[in-house]
1. Need pairs with beta-carbon distance below 8 Å; first residue free of Cβ contacts under 8 Å to residues at least 40 places away in the same chain and away from the ligand (no atom under 12 Å from the Cβ) and within the stretch 117-140, second of a type in the set (A, V, I, L, M, F, W, C) and in a helix (DSSP H, G or I); sequence gap 6+ or separate chains.
2. Take the residues of the stretch 246-258 that are in a loop (DSSP other than H, G, I, E, B) and either closer than 16 Å to L208 by Cβ or in contact with a helix residue (DSSP H, G or I) (Cβ under 6 Å, 6 or more places away or on another chain) (or both): which is farthest from the ligand (Cβ to nearest atom)?
3. Please work out if P111 is within 16 Å of the ligand (Cβ to nearest atom), in the same structural domain as D20 (by TED's automatic domain parsing) and more than 22 Å from P264 (Cα to Cα).
4. Taking E30 as the residue in question, decide whether it is under 19 Å from Q137 (Cβ atoms) and surrounded by fewer than 18 Cβ atoms within 10 Å (Cβ to Cβ).
5. Could you list, in sequence order, all residues of the stretch 259-287 that are within 12 Å of the ligand (Cβ to nearest atom) and on the phi > 0 side of the Ramachandran plot?
6. (1) touching a residue at least 12 places away in the same chain (Cβ under 8 Å); (2) away from the ligand (no atom under 16 Å from the Cβ); (3) loosely packed, with under 15 Cβ neighbours inside 10 Å; (4) more than 20 Å from G109 (Cα to Cα): which one isn't true of L87, the others all being true?
7. Quick check on the stretch 130-148. Is at least one of its residues surrounded by fewer than 19 Cβ atoms within 10 Å (Cβ to Cβ) and of a type in the set (A, V, I, L, M)?
8. Within the stretch 160-172, is there a residue that is under 21 Å from A296 (Cβ atoms) and of a type in the set (S, T, N, Q)?
Amino acid sequence: LIHLLSTEGLSRDMLTHILDTAAQFVGVSEREVKKVPLLRGKSVFNLFFENSTRTRTTFDIAATRLSADVYTLDIARSSTAKGESLLDTVANLSAMAADIFVVRHSKSGAPYLLAQHVAPHVHVINAGDGRHAHPTQGLLDMYTIRHYKKDFSGLVVAIVGDVLHSRVARSDIHALTTLGAAEVRVVGPRTLVPGDLAPMGVRVCHTLEEGIKDADVVIMLRLQNERMSGALLPSSQEFFQSFGLTSERLRWAKPDAIVMHPGPINRGVEIDSQVVDGAQSVILPQVTFGIAVRMAVMSIVAGNEA
Ligand code: CP
(Lines give C-alpha, C1' and ligand atoms only; values in the text may rest on other atoms or scores of the structure.)
Protein backbone atom coordinates (compact mmCIF):
# COMPACT_ATOMS: atom_id res chain seq x y z
CA LEU A 1 0.00 0.00 0.00
CA ILE A 2 1.69 3.23 -1.16
CA HIS A 3 -1.19 5.67 -0.69
CA LEU A 4 -4.55 5.25 1.09
CA LEU A 5 -7.15 6.94 -1.10
CA SER A 6 -10.25 4.74 -0.66
CA THR A 7 -11.42 1.52 0.98
CA GLU A 8 -12.73 0.48 -2.44
CA GLY A 9 -10.40 -2.11 -3.92
CA LEU A 10 -8.65 -2.96 -0.63
CA SER A 11 -8.58 -6.74 -0.24
CA ARG A 12 -10.01 -8.51 2.79
CA ASP A 13 -6.42 -9.45 3.74
CA MET A 14 -5.29 -5.82 3.59
CA LEU A 15 -8.27 -4.58 5.60
CA THR A 16 -7.63 -7.25 8.23
CA HIS A 17 -3.90 -6.43 8.26
CA ILE A 18 -4.67 -2.76 8.95
CA LEU A 19 -7.07 -3.65 11.79
CA ASP A 20 -4.60 -6.15 13.28
CA THR A 21 -1.77 -3.61 13.08
CA ALA A 22 -3.96 -1.02 14.82
CA ALA A 23 -4.71 -3.53 17.60
CA GLN A 24 -0.97 -3.80 18.29
CA PHE A 25 -0.84 -0.10 19.15
CA VAL A 26 -3.59 -0.34 21.76
CA GLY A 27 -2.44 -0.96 25.33
CA VAL A 28 -4.02 -3.09 28.03
CA SER A 29 -6.72 -0.46 28.39
CA GLU A 30 -8.42 0.39 25.09
CA ARG A 31 -7.93 4.08 25.94
CA GLU A 32 -4.14 3.70 26.10
CA VAL A 33 -2.28 4.02 22.80
CA LYS A 34 1.44 3.18 22.84
CA LYS A 35 4.24 5.49 21.68
CA VAL A 36 6.58 3.75 19.24
CA PRO A 37 9.60 4.90 17.18
CA LEU A 38 8.35 3.57 13.81
CA LEU A 39 8.28 6.92 11.99
CA ARG A 40 11.20 8.62 13.75
CA GLY A 41 12.87 11.02 11.31
CA LYS A 42 9.80 11.14 9.01
CA SER A 43 7.71 14.25 8.41
CA VAL A 44 3.91 14.16 8.30
CA PHE A 45 2.11 17.18 6.85
CA ASN A 46 -1.58 17.65 7.72
CA LEU A 47 -3.36 19.59 4.97
CA PHE A 48 -6.99 20.21 5.90
CA PHE A 49 -8.67 22.39 3.27
CA GLU A 50 -12.02 21.61 4.96
CA ASN A 51 -12.92 21.83 8.66
CA SER A 52 -12.23 18.92 10.99
CA THR A 53 -12.09 18.21 14.70
CA ARG A 54 -11.70 14.44 15.03
CA THR A 55 -9.74 13.45 11.92
CA ARG A 56 -7.21 16.26 12.06
CA THR A 57 -6.53 15.90 15.78
CA THR A 58 -6.28 12.11 15.78
CA PHE A 59 -3.93 12.17 12.77
CA ASP A 60 -1.81 14.67 14.71
CA ILE A 61 -1.82 12.43 17.82
CA ALA A 62 -1.21 9.29 15.74
CA ALA A 63 1.81 10.76 13.94
CA THR A 64 3.21 11.97 17.28
CA ARG A 65 2.74 8.50 18.82
CA LEU A 66 4.70 7.10 15.87
CA SER A 67 7.49 9.60 16.75
CA ALA A 68 7.17 11.46 13.42
CA ASP A 69 7.63 15.20 13.07
CA VAL A 70 4.15 16.64 12.48
CA TYR A 71 3.30 19.87 10.69
CA THR A 72 -0.30 21.04 10.45
CA LEU A 73 -0.71 23.78 7.86
CA ASP A 74 -3.04 26.58 8.90
CA ILE A 75 -4.87 26.71 5.57
CA ALA A 76 -6.79 29.92 6.37
CA ARG A 77 -3.47 31.76 6.89
CA SER A 78 -1.58 29.95 4.12
CA SER A 79 -0.84 31.22 0.64
CA THR A 80 -3.83 29.22 -0.63
CA ALA A 81 -5.71 32.42 0.26
CA LYS A 82 -3.45 34.28 -2.23
CA GLY A 83 -4.39 31.88 -5.00
CA GLU A 84 -1.61 29.29 -4.78
CA SER A 85 -2.80 26.03 -6.34
CA LEU A 86 -3.02 22.73 -4.46
CA LEU A 87 -0.24 21.22 -6.57
CA ASP A 88 2.07 24.20 -6.04
CA THR A 89 1.38 24.16 -2.30
CA VAL A 90 2.29 20.48 -2.14
CA ALA A 91 5.37 20.94 -4.34
CA ASN A 92 6.64 23.58 -1.93
CA LEU A 93 5.92 21.47 1.14
CA SER A 94 7.63 18.53 -0.57
CA ALA A 95 10.71 20.76 -0.85
CA MET A 96 10.64 20.81 2.97
CA ALA A 97 11.17 17.02 2.94
CA ALA A 98 7.63 15.77 3.52
CA ASP A 99 7.16 11.98 3.70
CA ILE A 100 3.39 11.74 4.23
CA PHE A 101 0.61 14.14 3.25
CA VAL A 102 -2.73 13.76 5.05
CA VAL A 103 -5.24 15.59 2.89
CA ARG A 104 -8.85 16.66 3.37
CA HIS A 105 -10.48 18.59 0.56
CA SER A 106 -14.00 19.58 -0.45
CA LYS A 107 -13.32 18.44 -4.03
CA SER A 108 -13.76 14.71 -4.66
CA GLY A 109 -10.56 13.36 -6.19
CA ALA A 110 -8.13 15.98 -4.80
CA PRO A 111 -6.00 13.37 -2.95
CA TYR A 112 -5.85 11.30 -6.17
CA LEU A 113 -4.45 14.30 -8.05
CA LEU A 114 -1.77 14.76 -5.40
CA ALA A 115 -0.89 11.06 -5.41
CA GLN A 116 -0.19 11.35 -9.16
CA HIS A 117 2.21 14.27 -8.66
CA VAL A 118 4.21 13.51 -5.50
CA ALA A 119 7.65 11.89 -5.63
CA PRO A 120 7.69 8.06 -5.44
CA HIS A 121 8.85 8.01 -1.79
CA VAL A 122 5.99 10.33 -0.66
CA HIS A 123 2.65 8.91 0.56
CA VAL A 124 -0.81 10.48 0.38
CA ILE A 125 -3.59 9.59 2.82
CA ASN A 126 -7.12 10.72 2.04
CA ALA A 127 -8.69 12.31 5.14
CA GLY A 128 -11.99 12.91 3.31
CA ASP A 129 -12.56 14.19 -0.24
CA GLY A 130 -15.90 15.78 -1.10
CA ARG A 131 -18.66 13.21 -1.01
CA HIS A 132 -16.36 10.49 -2.37
CA ALA A 133 -14.39 8.71 0.36
CA HIS A 134 -13.16 8.89 3.95
CA PRO A 135 -11.13 5.69 4.18
CA THR A 136 -9.62 6.12 7.66
CA GLN A 137 -13.14 6.75 9.05
CA GLY A 138 -14.27 3.58 7.29
CA LEU A 139 -11.35 1.68 8.81
CA LEU A 140 -11.91 2.98 12.34
CA ASP A 141 -15.58 2.05 11.95
CA MET A 142 -14.52 -1.50 11.01
CA TYR A 143 -12.16 -1.59 13.99
CA THR A 144 -15.01 -0.51 16.28
CA ILE A 145 -17.43 -3.10 14.88
CA ARG A 146 -14.84 -5.88 15.18
CA HIS A 147 -14.01 -4.77 18.75
CA TYR A 148 -17.63 -5.08 19.90
CA LYS A 149 -18.95 -7.83 17.63
CA LYS A 150 -15.73 -9.90 17.10
CA ASP A 151 -16.62 -11.10 13.59
CA PHE A 152 -18.28 -9.59 10.51
CA SER A 153 -19.99 -12.75 9.28
CA GLY A 154 -23.65 -12.82 10.27
CA LEU A 155 -23.77 -9.09 11.03
CA VAL A 156 -26.60 -6.86 9.85
CA VAL A 157 -25.36 -3.28 9.60
CA ALA A 158 -27.72 -0.34 8.96
CA ILE A 159 -26.34 2.98 7.70
CA VAL A 160 -29.00 5.62 8.31
CA GLY A 161 -29.50 9.14 7.04
CA ASP A 162 -27.87 11.30 4.40
CA VAL A 163 -26.18 8.53 2.43
CA LEU A 164 -26.25 10.55 -0.79
CA HIS A 165 -23.73 13.14 0.43
CA SER A 166 -21.76 10.85 2.73
CA ARG A 167 -18.18 9.86 2.00
CA VAL A 168 -18.28 7.84 5.24
CA ALA A 169 -21.19 5.72 3.98
CA ARG A 170 -19.32 4.85 0.79
CA SER A 171 -16.13 3.93 2.67
CA ASP A 172 -18.09 1.84 5.19
CA ILE A 173 -20.06 0.02 2.47
CA HIS A 174 -16.92 -1.00 0.54
CA ALA A 175 -15.19 -2.21 3.72
CA LEU A 176 -18.23 -4.02 5.14
CA THR A 177 -19.01 -5.91 1.93
CA THR A 178 -15.34 -6.92 1.52
CA LEU A 179 -15.12 -8.07 5.16
CA GLY A 180 -18.19 -10.27 4.70
CA ALA A 181 -21.01 -8.59 6.64
CA ALA A 182 -24.20 -10.61 6.13
CA GLU A 183 -26.32 -7.60 5.15
CA VAL A 184 -25.59 -3.90 4.70
CA ARG A 185 -28.66 -1.66 4.61
CA VAL A 186 -28.80 1.98 3.62
CA VAL A 187 -31.75 3.74 5.20
CA GLY A 188 -33.35 7.13 4.60
CA PRO A 189 -35.75 9.18 2.47
CA ARG A 190 -35.63 8.75 -1.31
CA THR A 191 -34.04 12.20 -1.68
CA LEU A 192 -31.05 11.14 0.46
CA VAL A 193 -30.84 7.41 -0.31
CA PRO A 194 -31.04 6.83 -4.06
CA GLY A 195 -32.45 3.46 -5.17
CA ASP A 196 -29.49 2.88 -7.51
CA LEU A 197 -27.17 2.04 -4.59
CA ALA A 198 -28.25 -1.62 -4.75
CA PRO A 199 -25.36 -2.55 -7.13
CA MET A 200 -22.98 -1.69 -4.28
CA GLY A 201 -24.29 -4.83 -2.56
CA VAL A 202 -26.62 -3.06 -0.15
CA ARG A 203 -30.34 -3.29 0.63
CA VAL A 204 -32.10 0.05 0.24
CA CYS A 205 -34.76 0.84 2.89
CA HIS A 206 -36.97 3.93 3.01
CA THR A 207 -38.41 3.48 6.50
CA LEU A 208 -36.42 3.46 9.72
CA GLU A 209 -38.30 0.46 11.13
CA GLU A 210 -37.51 -1.73 8.13
CA GLY A 211 -33.95 -0.38 8.02
CA ILE A 212 -32.86 -1.06 11.59
CA LYS A 213 -35.09 -4.08 12.36
CA ASP A 214 -32.91 -6.73 14.07
CA ALA A 215 -29.73 -4.86 13.14
CA ASP A 216 -26.50 -5.58 15.05
CA VAL A 217 -24.95 -2.22 14.20
CA VAL A 218 -26.68 1.11 13.53
CA ILE A 219 -24.48 3.80 11.96
CA MET A 220 -26.16 7.22 11.99
CA LEU A 221 -25.09 9.96 9.57
CA ARG A 222 -25.33 13.74 9.79
CA LEU A 223 -27.42 15.76 7.34
CA GLN A 224 -24.56 17.26 5.34
CA ASN A 225 -26.11 20.63 4.59
CA GLU A 226 -22.83 21.97 3.21
CA ARG A 227 -23.08 19.53 0.29
CA MET A 228 -26.81 19.86 -0.35
CA SER A 229 -28.66 21.70 -3.04
CA GLY A 230 -32.24 21.45 -4.24
CA ALA A 231 -35.66 21.99 -2.77
CA LEU A 232 -36.71 18.36 -2.26
CA LEU A 233 -34.53 17.80 0.77
CA PRO A 234 -36.18 17.39 4.20
CA SER A 235 -35.91 19.99 6.94
CA SER A 236 -34.18 18.99 10.20
CA GLN A 237 -37.57 18.59 11.92
CA GLU A 238 -39.04 16.51 9.08
CA PHE A 239 -35.98 14.32 9.08
CA PHE A 240 -36.06 13.71 12.85
CA GLN A 241 -39.76 12.88 12.72
CA SER A 242 -39.22 10.05 10.23
CA PHE A 243 -35.62 8.94 10.66
CA GLY A 244 -34.30 10.39 13.95
CA LEU A 245 -32.99 7.64 16.23
CA THR A 246 -34.71 7.70 19.63
CA SER A 247 -34.45 5.17 22.48
CA GLU A 248 -37.92 3.84 21.58
CA ARG A 249 -37.04 3.31 17.92
CA LEU A 250 -33.69 1.73 18.81
CA ARG A 251 -35.73 -1.19 20.26
CA TRP A 252 -36.41 -2.23 16.65
CA ALA A 253 -32.74 -3.24 16.44
CA LYS A 254 -31.26 -6.20 18.36
CA PRO A 255 -31.10 -5.63 22.14
CA ASP A 256 -27.28 -5.67 22.01
CA ALA A 257 -27.00 -3.47 18.93
CA ILE A 258 -24.29 -0.81 19.01
CA VAL A 259 -24.93 2.74 17.81
CA MET A 260 -22.19 4.53 15.88
CA HIS A 261 -21.81 8.00 14.36
CA PRO A 262 -18.74 9.46 12.64
CA GLY A 263 -19.39 12.91 14.12
CA PRO A 264 -20.00 15.73 14.28
CA ILE A 265 -23.42 14.79 15.67
CA ASN A 266 -26.48 16.98 15.50
CA ARG A 267 -28.51 16.11 18.59
CA GLY A 268 -32.22 16.17 17.88
CA VAL A 269 -31.72 16.07 14.09
CA GLU A 270 -30.49 12.57 13.24
CA ILE A 271 -30.11 11.23 16.78
CA ASP A 272 -31.65 11.91 20.17
CA SER A 273 -29.41 12.86 23.11
CA GLN A 274 -30.62 9.85 25.12
CA VAL A 275 -29.18 7.56 22.43
CA VAL A 276 -25.94 9.53 22.04
CA ASP A 277 -25.28 9.29 25.78
CA GLY A 278 -26.91 5.87 26.26
CA ALA A 279 -25.47 2.44 27.02
CA GLN A 280 -25.53 1.26 23.38
CA SER A 281 -23.60 4.26 22.04
CA VAL A 282 -19.96 3.64 21.02
CA ILE A 283 -19.52 7.05 19.44
CA LEU A 284 -16.65 8.19 21.68
CA PRO A 285 -14.78 4.84 21.56
CA GLN A 286 -14.86 5.27 17.75
CA VAL A 287 -12.86 8.47 18.19
CA THR A 288 -10.32 6.78 20.47
CA PHE A 289 -9.87 3.84 18.07
CA GLY A 290 -9.18 6.37 15.31
CA ILE A 291 -5.75 7.07 16.81
CA ALA A 292 -4.51 3.47 16.58
CA VAL A 293 -6.09 2.97 13.16
CA ARG A 294 -4.40 6.09 11.76
CA MET A 295 -1.10 4.94 13.28
CA ALA A 296 -1.55 1.63 11.47
CA VAL A 297 -2.28 3.31 8.13
CA MET A 298 0.72 5.67 8.36
CA SER A 299 3.14 2.93 9.42
CA ILE A 300 1.93 0.59 6.66
CA VAL A 301 2.12 3.14 3.81
CA ALA A 302 5.57 4.23 5.02
CA GLY A 303 6.69 0.58 5.12
CA ASN A 304 7.76 0.86 8.77
CA GLU A 305 5.50 -1.63 10.45
CA ALA A 306 5.55 -2.92 14.01
N1 CP B 1 -15.68 12.05 11.40
C2 CP B 1 -15.03 13.12 10.97
O3 CP B 1 -14.46 13.14 9.88
O4 CP B 1 -15.04 14.19 11.84
P5 CP B 1 -14.27 15.56 11.57
O6 CP B 1 -14.92 16.22 10.38
O7 CP B 1 -14.40 16.37 12.82
O8 CP B 1 -12.85 15.21 11.26
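1. Between residues of the stretch 117-140 that are free of Cβ contacts under 8 Å to residues at least 40 places away in the same chain and away from the ligand (no atom under 12 Å from the Cβ) and residues that are of a type in the set (A, V, I, L, M, F, W, C) and in a helix (DSSP H, G or I), the close pairs are H117/L87; H117/V90; H117/A91; V118/V90.
2. Of all residues in the stretch 246-258, those in a loop (DSSP other than H, G, I, E, B) come to 246, 251-257.
Filter again for either closer than 16 Å to L208 by Cβ or in contact with a helix residue (DSSP H, G or I) (Cβ under 6 Å, 6 or more places away or on another chain) (or both), leaving 246, 251-254, 257.
On the way: T246: 22, R251: 27, W252: 25, A253: 22, K254: 25, A257: 21 Å.
The residue in question is R251.
3. Numbers: within 16 Å of the ligand (Cβ to nearest atom): yes; in the same structural domain as D20 (by TED's automatic domain parsing): yes; more than 22 Å from P264 (Cα to Cα): yes.
Spelling it out, P111 is indeed within 16 Å of the ligand (Cβ to nearest atom), in the same structural domain as D20 (by TED's automatic domain parsing) and more than 22 Å from P264 (Cα to Cα).
4. Values: under 19 Å from Q137 (Cβ atoms): yes; surrounded by fewer than 18 Cβ atoms within 10 Å (Cβ to Cβ): yes.
For E30, the condition - under 19 Å from Q137 (Cβ atoms) and surrounded by fewer than 18 Cβ atoms within 10 Å (Cβ to Cβ) - is met.
5. Answer for the stretch 259-287, where residues must be within 12 Å of the ligand (Cβ to nearest atom) and on the phi > 0 side of the Ramachandran plot: just G263.
6. Of everything listed in (1) touching a residue at least 12 places away in the same chain (Cβ under 8 Å); (2) away from the ligand (no atom under 16 Å from the Cβ); (3) loosely packed, with under 15 Cβ neighbours inside 10 Å; (4) more than 20 Å from G109 (Cα to Cα), L87 misses just condition (4).
7. No; the residues of the stretch 130-148 include none that is surrounded by fewer than 19 Cβ atoms within 10 Å (Cβ to Cβ) and of a type in the set (A, V, I, L, M).
8. Taking every residue of the stretch 160-172 in turn, at least one turns out to be under 21 Å from A296 (Cβ atoms) and of a type in the set (S, T, N, Q).
The values are calculated or read from the model by the stated rules, or taken from the named source; none is laboratory data. Keep in mind that what you see is a predicted model, and the values were worked out from it rather than measured. Using ideal geometry, Cβ is built from the backbone for each residue, glycine included, and neighbour counts are taken over all protein chains shown.
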